[in-house]
1. If you go through segment 62-72 one residue at a time, do you hit one that is modelled with pLDDT of 95 or more, of a type in the set (Ser, Thr, Tyr) and open to solvent by less than 30 Å² (accessible area, probe 1.4 Å)?
2. Given the structure, is residue 96 over 13 Å from the mean Cα position of the chain (by Cα), at pLDDT 95 or above and open to solvent by 10 Å² or more (accessible area, probe 1.4 Å)?
3. Report, by residue number, each residue of segment 51-61 that is in a helix (DSSP H, G or I) and exposed (fewer than 14 other Cβ atoms within 10 Å of the Cβ).
4. Give the residues of segment 73-91 that are over 17 Å from residue 133 (Cα atoms) and buried (at least 19 other Cβ atoms within 10 Å of the Cβ), sorted by residue number.
5. Determine whether residue 129 is in contact with a Lys or Arg (Cβ under 8 Å, 6 or more places away or on another chain) and farther than 22 Å from residue 10 by Cβ.
6. Going by what's in this entry, would residue 37 be described as open to solvent by less than 40 Å² (accessible area, probe 1.4 Å) and without any contact (Cβ under 8 Å) to a residue 40 or more places away in the chain?
7. Is it the case, given these coordinates, that residue 12 is in contact (Cβ under 8 Å) with a residue 60 or more places away in the chain and not in a loop (DSSP other than H, G, I, E, B)?
8. For segment 3-27, which positions are touching a Ser or Thr at 6+ places or on another chain (Cβ under 9 Å), aliphatic (A, V, I, L, M) and more than 11 Å from residue 116 (Cβ to Cβ)?
Amino acid sequence: MAELWTIGYAQATPATLLAALASAGVELVVDVRAVPASRRPGFAKGSLSATLEAAGIGYRHLKALGTPEAGREAARSGRVDRMRGIFQAHLAGLEAQAALAELEELVRAGRRTCLLCLEADPAHCHRTLVAEALAARLDLEVHHLRPEPPEASAP
């Protein structure tokens, strides 16, 4: 059985994110944000990929597995069911299906892969829908990582 991890960085720092990834033995982070920018220091595509690579973790951005703008707006306003519908329609498209096939190849290759997005709660994030779509293609066990809040990781 293949395995896949997911993680949201909303309540993390780069250090707590790295600690959670390392504890799971993650080898590759697949960024599934449509827009890999962040107001949170250390989580924009360039700085995040550099931090991960310095820690020996690969980085791949699959933009086509990101939520379209209308879905992001629905999520921000707490309409998770609406976001899910928008994302499911998006996921049926050719670009998203090609990106899902690429993700499937990465997971089948045996690299310990983790989907990354902003939302802390996997039940409210499209990355769970990506994981479910992948599980429909292969025998897959999904693990949701939750980085320790910065206060909890301080000595």
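1. Yes - at least one qualifying residue is present in segment 62-72.
2. No: the conditions fail for residue 96.
3. The answer is 53, 54.
4. Listed by number, the residues that qualify are 74, 75.
5. no
6. Values: open to solvent by less than 40 Å² (accessible area, probe 1.4 Å): no; without any contact (Cβ under 8 Å) to a residue 40 or more places away in the chain: yes.
Here the answer is no, as residue 37 does not meet what is asked.
7. Working: in contact (Cβ under 8 Å) with a residue 60 or more places away in the chain: yes; not in a loop (DSSP other than H, G, I, E, B): no.
No, not satisfied.
8. Correct list: 4, 15, 18, 19.
The values are calculated or read from the model by the stated rules, or taken from the named source; none is laboratory data. It should be emphasised that the depicted structure is a prediction, and the values quoted were computed from it without experimental measurement. Note that we place each Cβ from the backbone using ideal geometry, even for glycine, and neighbour counts take in every protein chain shown. SASA here: full protein model, heavy atoms, side chains in, ligands and nucleic acids out. Shrake-Rupley method; radii C 1.70, N 1.55, O 1.52, S 1.80 Å.
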